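Student: Before anything else, here's the structure in question.
The values are calculated or read from the model by the stated rules, or taken from the named source; none is laboratory data. Because the structure is predicted, anything quoted here is derived from the model rather than measured. Here the Cβ is made from the backbone with ideal geometry for all residues, glycine too, and neighbour counts use every protein chain on show. Protein only, heavy atoms only, side chains kept; ligands, DNA and RNA dropped before computing areas. Shrake-Rupley method; radii C 1.70, N 1.55, O 1.52, S 1.80 Å.
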Amino acid sequence: MIQLRRAAAALPVVLAVACTSPANRPVSDSARPIAAPARPEPAAPDAARPAPNQPASAGESTAESGAAGSRSDDDVARSTPAAPNVEPARSAPSDVDDVAVSWPRSVDGTADVTIARVAGQDVPLGEFVKKWMLRYPEDVRGLLDDIVLSRIVLMESATLGLQPPPQEVDGTVRRRLELLDRQAKAAGAPDLETFIQARLGFEPRVFVQHLEEESAIDILAPRCVRAWLMSNERREVRAITVADQAGIDAVQARLARGDDFEEVAKELSTDASKEQGGRVPPLVRGDSTLARTAFAGEVGLVSGPVREGDTYLFVLVVAAPDVVEGTWEEIGDRVEASLTEQEVEDPEFWQWKEAMSARYDVDIEPFLELVR
């Protein structure tokens, strides 16, 4: 997804939610439009893939990074114009209530699926997954996490009536193909199609379809996250973190004489958020100390010191934005304007992920069965 994950400059107490992967990009071998239900039914995840933040798809991880890994929004932006002979495949038009993004088809079968044969002896999928999990457990779980979140992005998009802008999808695919074309030429391949088939093992048109699907998810994800945030009661805050009583006394003295909270944060806070004057990404209601303090305070007033683990927090509530709800047609312009002003940040993504985990029934037991 997105690459939603980036180095977060917010307080470590913003959320106690772990995130292994902010990128959401599915890999499939067929396309099926998704209808937009009033409340989508949850889907069971397939096994294998990248996060945000972020691991990548089989094709991309080999072509762009050489290993399963993460790709950020910035990476997408730097990706480069289409290779001459492989054009993006236009997805078939969908009904008004459908999302024109393919829903990856699950692979039928279990650990008994044969992935190779040696001297006539089958090598089962389960053996491969176990080896993969033993050697790269974080990457594998991040990949699975990314697939699950990709499905959720599709269902949330369907609920909003949100379509991936075709020109954005095409532009992203073309840039990635141009980057891959340069790699093909550097490797001495006669053309891009040969490189894709020989090096990546894909039929060129199938490979382009995978890129389209991943690009669409990367484009939809930040819009879904921001739309969710704006549909919730939230607080915009600044915070100062100090380690001891001396720090508390120094902050209180500066604030008592009328010094600007932002300037005090820049000078005295021990958290990385000091670089932005203590700014913390918007908070929804939650159980963290910071969220509870933010919602207990009033706009314009400072709360604290409040103890959080081994540190102490001073919190200034900057704003309590209006809740924005509706379909994409009704709220899309406001969401887009918000994203132009500030891209999705890690803590925002983690809050969204926590909310989505509660909203949808996610079961990874089928995957775990492969490694037992």
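Student: I need the calculated FRET efficiency for the pair K130 and A186, taking r as the beta carbon distance and R₀ as 35 Å, to the nearest 0.05.
Tutor: 0.50
Student: What trypsin sites (Lys or Arg not before Pro) in the stretch 173-263 are in a loop by DSSP, with at most 11 other Cβ atoms within 10 Å of the Cβ?
Tutor: Answer by residue number: R257.
Student: Work out Dmax and Rg for the stretch 310-353 from the C-alpha atoms and quote the Rg first, both in angstrom.
Tutor: In order Rg, Dmax, the Cα atoms of the stretch 310-353 give 14.2, 46 Å.
Student: A further question on this structure: Would you please give the FRET efficiency between R372 and D259, computed as 1/(1 + (r/R0)^6) with r the Cβ-Cβ distance and R0 = 56 Å, to the nearest 0.05?
Tutor: The pair R372/D259 has a calculated efficiency of 0.40.
Student: Given the protein chains as shown and a 1.4 Å probe, how many square angstrom of D112 are accessible, to the nearest 10?
Tutor: 130 Å²
Student: Moving to a separate point now. So which lysines pass the test for K266, namely a Cα distance under 22 Å, with those fewer than 8 places away in the same chain ruled out?
Tutor: Those lysines meeting the cut-off are K274.
Student: How large, in percent, is the carbon and sulfur part of the accessible surface of the stretch 155-290 at a probe radius of 1.4 Å?
Tutor: Carbon and sulfur: 47 percent of the exposed surface of the stretch 155-290.
Student: Counting Lys and Arg as +1 and Asp and Glu as -1, each charge on the Cβ, what is the dipole of the stretch 273-372 about the Cα centre in debye, to the nearest 20?
Tutor: 560 debye
Student: Next up: Could you derive backbone 3J(HN,Hα) for the stretch 289-300 from the dihedral phi with the Karplus parameters 6.51, -1.76 and 1.60 (θ = phi - 60°), listing whole Hz in sequence and x where the residue is Gly or Pro?
Tutor: For the stretch 289-300, the Karplus curve yields 4, 5, 5, 4, 5, 4, 7, 7, x, 10, 4, x Hz.
Student: Let me ask you something else. Please work out the C-alpha center-to-center distance from the stretch 173-199 to the stretch 289-347 and express it in whole Å.
Tutor: 44 Å
Student: Counting Lys +1, Arg +1, Asp -1, Glu -1, what net charge surrounds I248 among other residues with beta carbon under 14 Å of its beta carbon?
Tutor: My count for the surroundings of I248 gives -2.
Student: In nm, give the distance between the simple-model label positions of R285 and Q342, each being 7 Å from the Cα along the Cα-to-Cβ direction.
Tutor: 2.1 nm
Student: What percent of all Cα-Cα pairs in the stretch 264-370 falls in each 5 Å bin, counting up from 0?
Tutor: That works out to 2, 9, 14, 20, 19, 13, 9, 7, 5, 2, 0, in percent per bin.
Student: Right, here's the next one. Can you tell me the FRET efficiency between A119 and Q167 if r is taken as the Cβ-Cβ distance and R0 is 51 Å, rounded to the nearest 0.05?
Tutor: E between A119 and Q167, to the nearest 0.05, is 0.50.
Student: As a test of understanding, state the convex hull volume per residue of the stretch 135-286 from its alpha carbons, in Å³.
Tutor: With only Cα atoms used, the stretch 135-286 gives 219 Å³ per residue.
Student: Hey, got a sec? Which GluC sites (Glu not before Pro) in the stretch 206-266 land in a DSSP loop and have at most 12 other Cβ atoms within 10 Å?
Tutor: Here the GluC sites (Glu not before Pro) that fit, given the DSSP loop and packing criteria, are E233.
Student: If you don't mind, there's one more thing I want to ask. Between G332, V362, Q351, whose Cα lies farthest towards the positive end of the dipole of the stretch 322-372 when Lys and Arg beta carbons carry +1 and Asp and Glu beta carbons carry -1, centred on the Cα centre?
Tutor: Working it through, the farthest residue towards the positive pole turns out to be V362.
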